[in-house]
Each structure stands twice: as C-alpha cells, then as structure tokens.
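What follows is a single structure, written as structure tokens, with notes after it.
Quick note: the coordinates plus some simple rules give every number you see, no bench work behind them. Quantities reported herein were computed from a predicted structural model and do not represent experimental measurements.
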Amino acid sequence: MNLGHTKGTDMLESKECPDCKRINEVLTRVGDRWSLLVIISLSEYGTLRFNELKRNLGISQRMLSLTLKKLERDGLVHRTYHPTIPPKVEYKLTQMGKSFREPVSAIGSWALDNLIKIDKAREKYDVTVGS
C-alpha cells in the first residue's frame, strides 16, 4: 500500500492552471485560523492596538506578530506606528481586507451554525473508531 502519491491528487500543471500554485499560497495564508480571527476582530472593532487584539483572541505575542506581518505584507491589514512613550501601534483593515469580510463572515457563520452537528459527528466517530 502506497500512501504517497495518488494519481489525480496533484495540483494541476502550470500549463493547465497557471495560477493554481499562487491561489494555493493565498488560501493557505488567509485561510489559517489566526488570520481569520484577526480579520473578524478588525471587522468588528475597526482599529485595534496590538495588545487589544492579543487579549481578544487569546493568542501568543509571537503568533500574533507573525500573523499581522503576513496580513500586512499581503495588503489586508494596515499598521500605524505612533512614536509616543510608550510606543503605540494600531492595526486596521485595508480596503482589500474589508472586501474579505464577507467570505470570512460566511465561514464564521457556517461554523457557528454547525457546531452541534460537528460535535455529534465527532462523538459518533469516536464511538465507532474507539478513540
């Protein structure tokens, strides 16, 4: 039994789908758990400081910093540094980030609507498999 390569599961060759790898990169970046939660928080509250986001999400400082840098690099989040004492850094969605609110909200709503069904499916699976 070979669990490695399975015919038909590879990403399409570049000549068949020249942007498939790029699409995969974007979906991997914006589809991760913390990116979605940052987008949702900034959508809901507008402009937030770093520590406000950290507190709201229950995320580590390192993970939030990495997530925000990636979102800023992709043009979804704008970072404003205020040279005060202590320094103040604020984050808000860019226009492109705001355009991402609708799909993110749809995913969040779907998750909320299906929590009970997912819990029941997990329970059934665990009983069947014996985990």
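To the nearest 10 degrees, how steeply does helix 33-45 sit against the main Cα axis of the chain, on a 0 to 90 scale?
Result, in degrees: 40.
Going by amide H atoms built from the backbone, whose H comes under 5 Å of the H on Arg49, apart from near neighbours?
Sorted by chain and number, the residues that satisfy this are Tyr91.
Quick one: P(r) of the chain from all Cα-Cα pairs, 10 Å bins, percents rounded to integers, in order of increasing distance.
10, 30, 27, 22, 9, 2, 0
For the Cα atoms of the chain, what angle does the longest principal axis make with the long axis of helix 61-73, in degrees from 0 to 90, nearest 10?
90 degrees
Enumerate the lysines that Lys98 could reach by cross-link, defined here as Cα to Cα under 18 Å, with residues fewer than 8 away along the same chain left out.
Within reach: Lys69, Lys70.
Can you compute the equivalent ellipsoid semi-axes for region 19-96, i.e. the square root of 5 times each eigenvalue of the Cα gyration tensor, sorted largest first and rounded to whole Å? If you can, show how the numbers build up before the last one.
Values: eigenvalues 105, 35, 25 Å².
Semi-axes, largest first: 23, 13, 11 Å.
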